[in-house]
Amino acid sequence: MSDLFDEGRRAGLERRIDEWLGTVHTQHPNVVSAQRAEGDELRWMVRLRGDAKEFTTVWLRLGQRTLQYETYVMPYPEENAPVLFEQLLRRNERLVGAHYALGAENAVFLTGELVLRAVDERELDRIIGTLYATVEAHFGELIRLGFASRFTTSAK
């Protein structure tokens, strides 16, 4: 089991994430917004402009033992769901530090978590980069498979 961070260590990590957030624009040129979320939970949001998918928003949430992260990939597929889910499961095997999952409203997410003692600027950059690159690499194929009839043109 990972170490439970006390309030002092958690507050220090929270400050480091805030500081990293202030410089993330220089590390990732596609970042269009990075901010701390309002509310009871300690959460941050990094929004990136993409080519395959217009925007990818990565959420970071600080827990007592881990930093959880996720991004919305696409809605539940209207068609070819078994084939699409098989592809996602096969891709999970090759991903490091993240995996595809069904989340709220059965939407497809890319998610992961990291023990708090491993969180540093380098890991935060890796997380953002991994989620962004994975969505950019696979979004077009996944959306065309899950919504195939929307991409077919009818012959006149």
**Message:** Can you confirm whether GLU105 is touching a residue at least 12 places away in the same chain (Cβ under 8 Å) and within 21 Å of PHE151 (Cβ to Cβ)?
**Reply:** no
**Complete:** Picked from the stretch 104-151 (must be assigned to a strand (DSSP E or B) and not aromatic (Phe, Trp, Tyr)), the residue farthest from VAL24 (Cα to Cα) is VAL108
**Prompt:** Is at least one residue of the stretch 2-16 assigned to a loop (DSSP other than H, G, I, E, B) and of a type in the set (D, E, K, R)?
**Reply:** yes
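Yes/no per residue for (1) in contact (Cβ under 8 Å) with a residue 24 or more places away in the chain; (2) in contact with a Cys (Cβ under 8 Å, 6 or more places away or on another chain); (3) surrounded by 13 or more Cβ atoms within 10 Å (Cβ to Cβ); (4) more than 22 Å from PHE139 (Cβ to Cβ):
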residue	(1), (2), (3), (4)
HIS28	yes, no, yes, no
ALA34	no, no, yes, no
GLU41	no, no, no, yes
THR56	yes, no, yes, no
THR66	yes, no, yes, yes
THR71	yes, no, yes, no
MET74	yes, no, yes, no
PRO82	no, no, no, no
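We did not get these values from a lab; they are worked out from the coordinates using the rules stated. Quick caveat, the model's predicted, so the values are computed rather than measured. Virtual Cβ from ideal backbone geometry, glycine too; neighbours counted across all protein chains shown.
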